Amino acid sequence: MKKACRSCGNSTQTPQVQNVTHGLCPACTEMILGNPDRLQSFLNKIEVPTLLMQSNPRLVVTANHGAQVLFGKSPAQVSGLRGGQVFECRHSFSEAGCGLDENCLNCTIKEAVIETLTTGVSQNEVQTVLPIKTPHGFEAYGVSIATERIGPSALLAIRSFTRI
Ligand SMILES: [Zn+2]
């Protein structure tokens, strides 16, 4: 699929659907990932709340502005957390923890991130319902996410996060 790189404007051809960045060439990917300030400013241009996930161990690296507002957490507060800890999913508070609890076995978000990190294939409209911690206890939230691999990491874009 041929597209203009959103960072340098050059035409780029990628085998993957870039459903989160909407176009980023390999040279810009490398440059952005190698510079924390550039990375943060690029992430902030993504129009939906987005987390950057690293592989092995699968942890949150940082959050764009939208995700900082959505979850009320700074990049420093999310760095090194499991995805579910950022969402404050009930299963991330268990003894085994996010991704390891028995309730996480079929977590579609976890599966989408693993799929994208291991195969590079973007995932779109991955939906689930998560029990999210709120001031009123745990409440069911409908979540819809998309993923895209960026270098060795993955972007986790939160298209919807709504109490149901
Ligand atoms: Zn570029």
Item to complete: Excluding residues fewer than 8 places away in the same chain, name every one of the lysines whose C-alpha is closer than 30 Å to that of Lys73.
Response: Lys45, Lys110, Lys133
Practice prompt. Using the number of other C-beta atoms within 10 angstrom as an exposure proxy, rank Lys110, Lys2 with the fewest first.
Written response: Lys2, Lys110
Worksheet item: If you take the beta carbon distance between His22 and Ser79 as r and set R0 to 30 Å, what does 1/(1 + (r/R0)^6) give as a FRET efficiency, to the nearest 0.05?
Response: 0.75
Discussion item. Please list, in order along region 86-99, the HN-Hα scalar couplings obtained from phi with the Karplus expression 6.51 cos²θ - 1.76 cosθ + 1.60 (θ = phi - 60°), rounded to whole Hz, x for Gly and Pro.
Written reply: 6, 5, 6, 5, 3, 6, 7, 8, 6, 5, 5, x, 4, x
Worksheet, complete the sentence: Here the net charge surrounding Thr12, from other residues whose Cβ is less than 10 Å away from its Cβ (Lys, Arg +1; Asp, Glu -1), is +3
Worksheet item: Does anyone have the angle between helix 108-119 and the longest principal axis of the chain? Alpha-carbon axes, 0 to 90°, nearest 10?
Response: 30
Response to the item:
In whole Hz, the Karplus estimates of ³J(HN,Hα) for region 134-143 (6.51, -1.76, 1.60; θ = phi - 60°; x where Gly or Pro) are 9, x, 9, x, 8, 10, 6, 10, x, 10
Worksheet, complete the sentence: Env charge @ Thr147, Cβ radius under 15 Å, K,R +1 / D,E -1, value 0
Worksheet item: Near the amide H of Arg159, under 5 Å away, which other amide H atoms are found, from residues 5 or more places off or on another chain, if H is placed in the peptide plane?
Response: Ser144, Ile145, Ala146
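A short reminder: the numbers here are calculations on the coordinates, not readings from a lab. Bear in mind that the values here come from a model prediction, so they are computed numbers and not experimental data. All Cβ positions, even for glycine, are placed from backbone atoms using ideal geometry, and neighbour counts span all protein chains on display.
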